[in-house]
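These notes concern the structure reproduced below.
Throughout, read-outs are computed from the coordinates displayed, never taken from laboratory work. This structure is a prediction, so every number in the text was calculated from the model and none was measured. No Cβ is skipped: glycine too gets one built from the backbone with ideal geometry, and neighbour counts run over all protein chains shown.
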Amino acid sequence: MRGPLLPSEVSARDNYPERRNPWGQSDVSVCGPILMTEPELAFLLSVIPERGAYCELGSWSASGLSWIADRRPEVRCVGVDSFEGPSNRRMFGALANWGLRPNVDLFLGRIEHFAWQCDYFDAVLVDGDHHGFAVYRDLSVAEQIVKRHGVILTHDCGAPDHAEVQPAVERFCAERGWVIAQRCDSLALLRWFR
């Protein structure tokens, strides 16, 4: 049986012209658009180990989380999102994605109420509220739940339409001892500088 399609394998006749809509890649194997470029997805996949745990703070419709879960079946993938906003269609997309994947868990609620054991995740992606104070808060939560030698990633860092993300990331790094170790498009990988 063939595995899920890569975004580049989806034909142009699908819902998103030229395999891309304004919000991300189209992939028929997941419910909803993936909000990352193909290079960002490949980079993210490369830093998530074959076994372990991965968390997304701000899962949107859990499409990207599900894309990762399909390629890392031995990894526990946890998505966190409040699903606040004018439309709850993305919550139904997330529930559909979760229902098809035994290695995906969803926390439907605000990050302030997300309680997870410290030092659990190998990688944590911060991609929730893009206001500076919220990015800093989410990075602080990520710092608590990532393993000692794990990584934190942040999406839309340096993206012109999300101007508050990069300054919040830089402030967090300066105050908490993390460094931006690598970048791929607007995806930044942070490591704790010892």
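Computed quantities for the displayed model
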| quantity | calculated |
| --- | --- |
| Ordering of 138-148, 105-115 by packing [mean C-beta count within 10 Å, highest first] | 138-148, 105-115 |
| Whole-Å distance, taken between Cα centres, linking segment 115-194 and segment 49-80 | 17 Å |
| Segment 70-194 - Rg over Rh from alpha carbon coordinates, Kirkwood radius | 0.96 |
| DSSP beta bridges in segment 35-192 [antiparallel fraction, %, rounded to 5] | 30 percent |
